[in-house]
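Accompanying notes for the structure given below.
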2 protein chains.
Amino acid sequence: MCGPMRGAVMGALVYEALAETPEQAVAMAAAGEVEFDPCHHHHAVGPMAGVVSPSMPVWIVENETFGNLAYCTQNEGLGKVLRYGAFGPEVIKRLKWMEAELYPALEAALAVSGPIDLRSMIAQALHMGDEGHNRNKAGTSLLIRILAPALVKAVDDPAVVERVLRFIDGNDHFFLNLTMPAMKAMLEPAEGIPGSSVVTVMARNGTDFGVRVGGLGDHWFVAPAGQPEGLWLPGFTAEDANPDIGDSTITETGGIGGFALAGAPAIVQFVGGTPRDALNATLEMYEITVGEHSAFTLPALDFRGMPVGIDVRRVMETGLLPRLNTGIAHKEPGVGMVGAGLLTAPKACFEQAFAELAKLC
Amino acid sequence: MCGPMRGAVMGALVYEALAETPEQAVAMAAAGEVEFDPCHHHHAVGPMAGVVSPSMPVWIVENETFGNLAYCTQNEGLGKVLRYGAFGPEVIKRLKWMEAELYPALEAALAVSGPIDLRSMIAQALHMGDEGHNRNKAGTSLLIRILAPALVKAVDDPAVVERVLRFIDGNDHFFLNLTMPAMKAMLEPAEGIPGSSVVTVMARNGTDFGVRVGGLGDHWFVAPAGQPEGLWLPGFTAEDANPDIGDSTITETGGIGGFALAGAPAIVQFVGGTPRDALNATLEMYEITVGEHSAFTLPALDFRGMPVGIDVRRVMETGLLPRLNTGIAHKEPGVGMVGAGLLTAPKACFEQAFAELAKLC
């Protein structure tokens with residue numbers, strides 16, 4: 001288990017009061033006292049380390065057409081946060097506040113507002129410079145517009161409402177934890193379709209990169225996780241970076257994130273590259289996908305639908321690999337975020353899947 | 001005075017309780033009992049009919065570098081609103097509510113938040129698909145993010161906070177009435193510079209189009225207002241449209257709006273044209289401007305600054321005219337908005353100004 005995930009597990013055990021100290025948490029985990037399972041085995045997704053422990057509240061996202069549900073925790077912010085492997089007292093305190101104050105307030109607000117139409121909100125955000133993975137400034141803003149009046153109506157204590165609004169406003173990535181389960185909910189009905197060569201999951205755990213394919217059951221096609229090239233927070237360099245990590249590649253699997261860079265040129269200031277690279281990334285992804293989104297469109301490309309549905313056969317035929325953008329965690333437990341950058345999915349995952357597909361013919 | 005402006009004057013006189021009925025208002029105005037003056041003669045700007053009457057609260061925008069102030073009313077929304085010439089009971093009721101509840105709540109919130117950095121907010125919105133004239137969805141969203149927690153803290157009655165938040169959320173053009181005075185505050189220091197051929201004001205009153213130039217004092221160079229081509233609200237056609245109207249061309253004068261279309265491709269769904277036209281509009285405006293914005297940039301053009309500072313000499317040399325986008329009012333008083341579209345400023349204004357500049361040589 002890589003450093004940032006070890007850090008997040010240590011933090012989660014302290015947060016759950018199952019361990020008193022991070023050191024005790026390490027001993028527990030090393031002794032086999034903790035049961036681990038991938039988020040994707042529970043219809044869930046988690047950014048970066050992706051640790052979801054029993055007390056953490058989750059968003060519940062429904063695919064109304066197919067009736068399936070997906071789950072994701074609330075986003076903690078950037079820097080020293082659990083999902084980047086930090087576990088200090090400020091991390092635990094924030095998680096406790098999210099459980100005790102943020103979540104009940106959001107639950108009450110959603111009871112007033114009713115369910116939020118995430119497809120519409122994501123479609124709008126994608127016309128406002130977001131790509132839904134590492135740029136969620138517009139989505140977070142649109143969410144605040146819906147939540148703010150509902151919070152005011154639903155929560156009696158104005159100090160709570162103010163703290164909740166300032167917390168969400170303070171974190172432009174807050175909406176990421178809604179785009180991710182939205183994509184998960186959208187993609188799950190594409191699982192288990194006989195003969196399908198369309199990728200339904202791409203995920204990384206900081207050590208390996210795994211791919212699942214619609215016609216190939218629950219099997220994970222696994223290869224070593226890549227190393228993102230990116231921009232570094234002050235004081236950090238490529239030396240500090242853990243390999244690629246997290247379930248957030250569900251955004252690229254669903255046709256946004258790295259696949260939607262053409263609509264989010266300003267993101268290059270966060271992940272590196274140039275606006276021309278961003279445009280080219282999207283254009284390239286049309287070469288390896290089976291369709292174009294009906295709901296998510298690119299104004300700059302004459303409202304063409306985003307490239308969606310990675311086809312293992314096309315990846316093999318073209319040699320083009322899915323483009324990803326990602327946050328970057330420190331390789332050691334306890335530090336947190338060190339930057340953000342770009343990379344591609346490993347070719348070996350698609351080679352293995354292609355070999356399995358060939359056996360079906 | 002054109003139809004929508006007559007309608008707005010009628011509404012304003014009823015709103016001010018100076019007339020009991022719109023008919024009485026017409027009689028008062030026809031009898032010369034009302035004094036009129038352009039907004040720009042009072043450091044103010046008003047979208048469309050642009051009527052500002054004594055009881056209407058205004059935003060106050062300061063240019064911190066030069067110390068000058070600019071003013072603009074709060075935006076009422078779209079459809080049947082005073083600035084589009086409507087004056088029915090619902091228009092008056094809304095204006096009264098804005099005076100009695102919206103404005104005091106905003107004033108209290110601003111006392112909590114402190115002054116808002118509009119330059120930063122506009123710069124961000126321009127990276128989020130706004131052009132600051134007819135697309136202000138991002139700016140309105142960013143404003144709500146600042147105002148919401150401040151309103152919660154500043155205003156005791158949660159029902160008032162909720163109404164104010166829902167009113168602003170219900171109108172993606174709310175931020176227009178902040179981009180306009182921001183541009184006015186930015187441009188005024190460019191007035192009165194000896195020999196300057198840079199345009200400091202473009203404005204229309206629904207009959208005429210007027211231009212002022214930095215080195216040519218307070219003189220208005222005037223020509224008949226153009227007719228926008230655009231998209232029509234259901235039930236309306238080009239036959240219903242009043243000629244080009246309002247002070248909102250201060251946005252194009254300041255290098256955003258029609259000059260920033262390259263960053264706002266989604267706007268073509270509101271004003272017409274294609275994303276390629278939008279890109280070309282901005283590229284063309286570099287040909288008639290003296291500089292590129294330091295604060296307002298275009299990610300899609302490698303973060304090039306917006307074209308700013310229309311030079312009368314370059315307009316004459318190239319034959320290219322400033323590109324505008326605009327809302328469209330019904331030509332009769334009392335109806336309201338009928339669409340939105342695109343046009344250019346009239347050449348005759350620049351010919352007259354150029355002739356005056358030539359006399360200085």
Does region B:86-97 contain at least one residue that is within 25 Å of residue B:210 (Cβ to Cβ) and among the aliphatic types (A, V, I, L, M)?
-> yes
Of the candidates B:206, B:230, the one satisfying the condition of being modelled with pLDDT under 95 and buried (at least 22 other Cβ atoms within 10 Å of the Cβ) is B:230
Scanning region A:64-100 for residues that are among the polar types (S, T, N, Q) and surrounded by fewer than 19 Cβ atoms within 10 Å (Cβ to Cβ), the one farthest from the chain's Cα centre (by Cα) turns out to be A:65
* Residue check: is residue B:138 within 9 Å of chain A (Cβ to nearest Cβ), small (Gly, Ala, Ser) and surrounded by fewer than 18 Cβ atoms within 10 Å (Cβ to Cβ)? -> no
Here the qualifying pairs (Cβ atoms under 7 Å; residues six or more apart or on different chains; first in region A:258-280 and within 8 Å of chain B (Cβ to nearest Cβ); second in a loop (DSSP other than H, G, I, E, B) and surrounded by fewer than 23 Cβ atoms within 10 Å (Cβ to Cβ)) come out as A:268/A:274; A:274/B:302; A:275/B:302
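This table checks each residue for (1) closer than 16 Å to residue A:211 by Cβ; (2) assigned by TED's automatic domain parsing to the domain that holds residue A:202; (3) over 19 Å from the mean Cα position of the chain (by Cα); (4) modelled with pLDDT of 95 or more.
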position	(1), (2), (3), (4)
A:268	no, yes, no, no
A:298	no, yes, yes, yes
A:304	no, yes, yes, yes
A:328	no, yes, no, yes
A:332	no, yes, yes, yes
A:343	yes, yes, no, yes
A:349	yes, yes, yes, yes
A:352	yes, yes, yes, yes
A:356	yes, yes, yes, yes
The residue that is modelled with the lowest pLDDT, considering only those in region B:59-108 that are in a loop (DSSP other than H, G, I, E, B) and hydrophobic (A, V, I, L, M, F, W, C), is B:78
| said: Any residue at all in region B:153-166 that's of a type outside the set (Val, Ile, Thr), free of Cβ contacts under 8 Å to residues at least 60 places away in the same chain and under 24 Å from residue B:7 (Cα atoms)? | reply: no
When region B:201-223 is checked residue by residue, the ones that are assigned to a loop (DSSP other than H, G, I, E, B) and not polar (S, T, N, Q) are B:206, B:214, B:215, B:216, B:217, B:218, B:219, B:220
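With respect to residue A:130, determine if the residue is surrounded by fewer than 20 Cβ atoms within 10 Å (Cβ to Cβ) and either touching a residue at least 24 places away in the same chain (Cβ under 8 Å) or not aromatic (Phe, Trp, Tyr) (or both).
Here the answer is no, as residue A:130 does not meet what is asked.
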Over region B:306-324, the set of residues closer than 27 Å to residue B:125 by Cα and either of a type in the set (Val, Ile, Thr) or modelled with pLDDT under 95 (or both) is B:308, B:310
In the set A:162, A:188, the lone residue that is acidic (Asp, Glu), surrounded by 17 or more Cβ atoms within 10 Å (Cβ to Cβ), out of contact with any helix residue (DSSP H, G or I) (no Cβ under 9 Å at 6 or more places or on another chain) and at pLDDT 95 or above is A:188
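The values are calculated or read from the model by the stated rules, or taken from the named source; none is laboratory data. Computed from a prediction, not measured in an experiment: that's the story for all the values here. Heads up, the Cβs are rebuilt from the backbone with ideal geometry, glycines too, and the neighbour counts pull from every protein chain shown.
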